[in-house]
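> Quick one: structure below, then a few questions.
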Amino acid sequence: MSFVPGQPVTAVVQRIEIQKLRQNDHLILGFSIGGGIDQDPGQNPFSEDKTDKGIYVTRVSEGGPAELAGLQIGDKIMQVNGWDMTMVTHDQARKRLTKKNEQVVRLLVTRKSLEDAVRHSMSNYPK
Amino acid sequence: MDTESTYSGYSYYSGRSRGSHRHGERSRDRHKSRSKDSRSEKSVTINAPPAEPLLGDSTVRGEEVQDDNWGETTTAVTGTSEHSLSQEDIVRITKDLEDSVGLDCRRYFTLTLAVVLGLLVFLTPLAFLVLPHLLWPEKLQSCGTACEGLFISVAFKLLILLLAVWALFFRPPRAGLPRVFVFRALLAVLVLLFVVSYWLFYGVRILDSQDENYQGIVQYAVSLVDALLFIHYLAIVLLELRQLQPCFSVCVTRSTDGETRQYNLGQLSIQRAALAIVENYYRDFPVHNPALLTASKSRAAKHLAGLKVYNVDGPGNNAAAGLAHSQSRAMIAAAARRRDTSHNELYYEEAEHERRVRKRKARLVVAVEEAFTHIKRMQEEEQKKAPGDVMDPREAAQAIFPSMARALQKYLRTTKQQHCHSMESIQQHLAFCITNNMTPKAFLESYLTPGPTLQYSRDRWLARQWTLISEASVTSGLKDGAVFLLKCIDFSLVVTAKKIPYIQMSEEYIDPKSHKFVLRLQSETSV
């Protein structure tokens, strides 16, 4: 989850596809984000590394499109429709997610349980 | 106390030069120590000469036998006393002892020495100038203008020297210290040597050879006066300036109730440091109140009284050592079991006492405030118009005193301060407060908290004569870790000195423009 400046970031990610839902006049996804390079990373309750300025999912509304698609609270969003989310400001992230002419957003998210699962499964196989 | 003689052996027995007064001091202190031992058995024996603080203390100790009503009956000394004195006798003996000679012999001796030395020093330059005129006037060259100018300079310098020496050495002393003042003695010796060497030179080179060069002689006299002024400057630095820079931090603790204060002192000898500490004691420490110590003493007595351990085996028993060990262990175990109740008692007793004091204080404050409303200051115009029932401050105080007297007396009894304040002193204080337009709160302040010793009248001090007890010589300087005692009859002040550490300070410059701030946010947006 944390990164070393200058080195490529590697993570085990899950692809999540969310269909936007029309509600009154807006298209909503059903979750809230927090974080960004202009925010204070120390106050993020979901990050493991408190210097991580990435975009995190802070709330998933019940029964919303995000929950249906499998997004979980505490996930870190790495990409939105191909756009990088690891080095964006909070407002840029919001804009990428709420584009009016997009009906679907395809996210790449990572969470700790994914890493653990992969490591666990790798260790089971003898070399 | 036998520890006293070994502890202070240096300061008592090595000052042989001081002769007879030392013996007088020693015998007086031995008398004091003897009568102190007998005092612990609650009997008063009076040796000659009677030591007045001893009796003053036993009248307070009489309170242990009686209850709080002691404040009303101030005349008798209780306990098994062979003689009984009234309060007036004690005060009279106090005055007699103060007026009579004690260390005055030594003071007059040093004073006469100083005066003789001063006269010698003052008259020497004048003698230098006058002797050639007396002894070989015809051979002497006449004094030109430059020489007469030197006369003026000699005159003024002598005048300044006279004033300066009076200011530094001849003012009335503030205190009597046990040992001679080392720096003053050294300076006196230096001055004497100086003057003697000048006289020697004068006698050999000028008187014997009958020098005609009068200007040279006058210049010689001027150089003597200059040198004396420089020695006086050295004296100022040694005696006054050297101790101004703080070098040691001393911690002073009173042995009876643990009151502690810290002071910063410069480089002083132990006796001068003790003097500075005693002067600060009168200002900073609350007055010593022996009545407040009775509670802990009775608790200690109860602890000891509860356990009696008997040795049933013979004294020559081999197992006596082991038995003593097991005895003490048994005592400690029994005491530990007993202590389950005594701390409980202490807690509830203190809470009860606290509650009682606060209740009495509330009643007192209300009574005093009400009493003060009965009095109103008359203005100037009213005084001329209505000369009716006009009172001066003393009468006004006497008029309103009865309404608060009872509450005040009860409060003083509860806080065990009733022996510090007499009715006369309370009325005086009341008149003083009325005259100066003080509020009831200001009037009560001196009764609610025990004030410094100087606030009370002299006979309540219980701290008049001080004895300095120190392992190091009292004329040696203060050192890091020095410990000495200032003993009074009832308590002692334990003084420890610590050196103030060397302070290394460095500088850091912060540009005023470099104060910048950022806002730290954590916002959450729903998408």
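Bear in mind these aren't lab numbers, they're just calculated from the coordinates by the rules spelled out. Keep in mind that this is a model prediction, so the values were computed, not measured. Reconstructed Cβ throughout: ideal geometry from the backbone, glycine too, with neighbour counts over all protein chains shown.
> In nm, what is the difference between 0.36 nm times the number of residues separating residue B:425 and residue B:209 and their Cα-Cα distance?
The span from residue B:425 to residue B:209 would gain 70.2 nm if fully extended.
> Would you tally the net charge around residue B:164, using a Cβ to Cβ cut-off of less than 14 Å, leaving residue B:164 out, and scoring K and R as +1, D and E as -1? Kindly include the intermediate steps, with their values, before the conclusion.
Working: positive: B:157, B:171; negative: B:226, B:240.
In short, 0.
> Here is a follow-up. Need the full-extension length gain, residue B:168 to residue B:313, defined as separation in residues times 0.36 nm minus the C-alpha distance. One decimal, nm.
Full extension from residue B:168 to residue B:313 adds 45.0 nm.
> Determine the calculated [θ] at 222 nm for chain A from helices alone, applying -39500 (n - 2.57) to every DSSP H run no shorter than 4 residues and normalising by the residue count; nearest 500 deg cm²/dmol.
-5500 deg cm²/dmol
> Apply the Karplus parameterisation 6.51 cos²θ - 1.76 cosθ + 1.60, with θ equal to phi minus 60°, to every residue of segment B:435-446 and state each ³J(HN,Hα) to the nearest whole Hz, in sequence, with x for glycine and proline.
Computed from phi, the couplings for segment B:435-446 are 4, 9, 6, 8, 7, x, 5, 5, 5, 6, 4, 6 Hz.
> OK, next. Along the Cα-to-C-beta direction of residue B:197, a point sits 7 Å from the Cα; which residues of segment B:116-157 have their amide N less than 20 Å from that point?
Only B:117-118, B:120-126, B:128 pass the distance filter.
> Additional query: Using a/c under 1.5 as the rounded threshold, could you call segment A:13-124 rounded, prolate or oblate? The axes a ≥ b ≥ c are square roots of the C-alpha gyration tensor eigenvalues, and prolate needs a/b larger than b/c, oblate otherwise.
oblate
> To the nearest 10 degrees, how steep is helix A:112-124 against the longest Cα principal axis of chain A, on a 0 to 90 scale?
30
> Under unit Cβ charges (Lys, Arg +1; Asp, Glu -1), what dipole magnitude, rounded to 20 debye, does segment B:393-527 have relative to its Cα centre?
On the way: 16 positive and 11 negative charges, 85 e Å.
Approximately 400 debye in magnitude.
> Same structure again: Residue B:357 to residue B:229: FRET efficiency via 1/(1 + (r/R0)^6), r the Cβ-Cβ distance, R0 56 Å, to the nearest 0.05?
It comes out at approximately 0.35.
> Quick check: pseudo-label points 7 Å beyond the Cα along Cα→Cβ at residue B:472 and residue A:112, how many nm apart are they?
6.3
> To make sure I understand, if each residue's beta carbon is the centre and we count other beta carbons within 10 Å, what order do B:179, A:59, B:254, B:272 fall in, fewest to most?
Sorted ascending by nearby Cβ count, the order is A:59, B:179, B:254, B:272.
> Shape verdict for segment B:342-413, please, from the Cα gyration tensor: rounded (a/c under 1.5), prolate (a/b greater than b/c) or oblate.
prolate
> Give the peptides B:363-370, B:291-298 in descending order of average Cβ contacts within 10 Å, highest first.
Put in order of decreasing packing, that is B:363-370, B:291-298.
> Output wanted: per-residue J couplings in Hz (rounded whole) for segment B:348-359, from phi through Karplus 6.51 cos²θ - 1.76 cosθ + 1.60, θ = phi - 60°, x for Gly and Pro.
Once θ is set to phi - 60°, the couplings for segment B:348-359 become 6, 5, 5, 5, 5, 4, 4, 5, 5, 4, 5, 5 Hz.
> By per-residue mean of other Cβ atoms within 10 Å, what is the highest-first order of B:394-400, B:113-119?
Peptide ranking by packing, descending: B:394-400, B:113-119.
> Then there's this: Within 10 Å of each residue's Cβ, count the other Cβ atoms and sort B:424, A:115 from fewest upward.
Details: B:424 9, A:115 14.
The order, fewest Cβ neighbours first, is B:424, A:115.
> What nm distance separates the two modelled labels at residue B:369 and residue B:189, each placed 7 Å from Cα along Cα→Cβ?
In this crude spin-label approximation the distance works out to 6.8 nm.
> For segment A:46-62, take each phi angle, set θ = phi - 60°, evaluate the Karplus expression 6.51 cos²θ - 1.76 cosθ + 1.60, and give the result in whole Hz per residue in order, putting x for glycine and proline.
These are the phi-based 3J(HN,Hα) values: 9, 7, 6, 9, 6, 9, 7, 9, x, 8, 10, 7, 9, 7, 10, 6, 5 Hz.
> Residue B:413 to residue B:219: FRET efficiency via 1/(1 + (r/R0)^6), r the Cβ-Cβ distance, R0 56 Å, to the nearest 0.05?
0.10
> Pull up all non-local amide H partners of residue B:268: gap of 5 or more, or a different chain, and H-to-H distance under 5 Å with H placed in the peptide plane.
When sequence neighbours closer than 5 places are left aside, the close amide H contacts are B:478.
> Next up: From the cross-link list B:361/B:487; B:302/B:441; A:50/A:95, which pairs have alpha carbons spaced over 30 Å apart?
Numbers: B:361/B:487 35 Å; B:302/B:441 40 Å; A:50/A:95 25 Å.
In this structure, B:361/B:487; B:302/B:441 lie more than 30 Å apart at Cα.
> Now for a separate question. Work out how much length residue B:403 to residue B:180 would gain on full extension: take 0.36 nm times their residue separation and subtract the Cα-Cα distance, in nm to one decimal.
Details: separation 223, 0.36 × 223 = 80.28 nm, distance 5.57 nm.
In short, 74.7 nm is gained.
> Enter the mean number of other protein chain beta carbons within 10 Å of the beta carbon of each residue in A:38-45, as an integer.
For this peptide, the per-residue mean of nearby foreign Cβ atoms is 3.
> Quick check: pseudo-label points 7 Å beyond the Cα along Cα→Cβ at residue B:282 and residue B:511, how many nm apart are they?
6.0
> Volume per residue, Å³, of the convex hull around the alpha-carbon atoms of segment B:100-241?
Convex hull volume per residue, Cα atoms: 116 Å³.
> Right, another one. What are the residues whose amide H is under 5 Å from the amide H of residue A:70, where those residues sit 5 or more places off or on another chain and H is modelled from the backbone?
Close amide H contacts, sequence-distant or interchain: none at all.
> Taking R0 as 30 Å, what's the FRET efficiency between residue B:259 and residue B:106 from their Cβ-Cβ distance, rounded to 0.05?
The pair residue B:259/residue B:106 has a calculated efficiency of 0.35.
> Can you list the residues, at least 5 places off or on another chain, whose amide H is less than 5 Å from the amide H of residue B:484, using H built in the peptide plane?
Hits under the 5 Å cutoff: B:495.
> Here's a follow-up. Label point 7 Å out from residue A:17 along Cα-to-Cβ: which residues of segment A:74-99 have amide N under 16 Å?
Within reach of a label on residue A:17: A:80-82.
> Across the residues of A:55-63, average count of Cβ atoms on other protein chains within 10 Å?
Mean partner-chain Cβ count within 10 Å for A:55-63: 1.
> Using Cβ contacts closer than 10 Å as the measure, can you line up B:288, B:374 from fewest to most?
B:374, B:288
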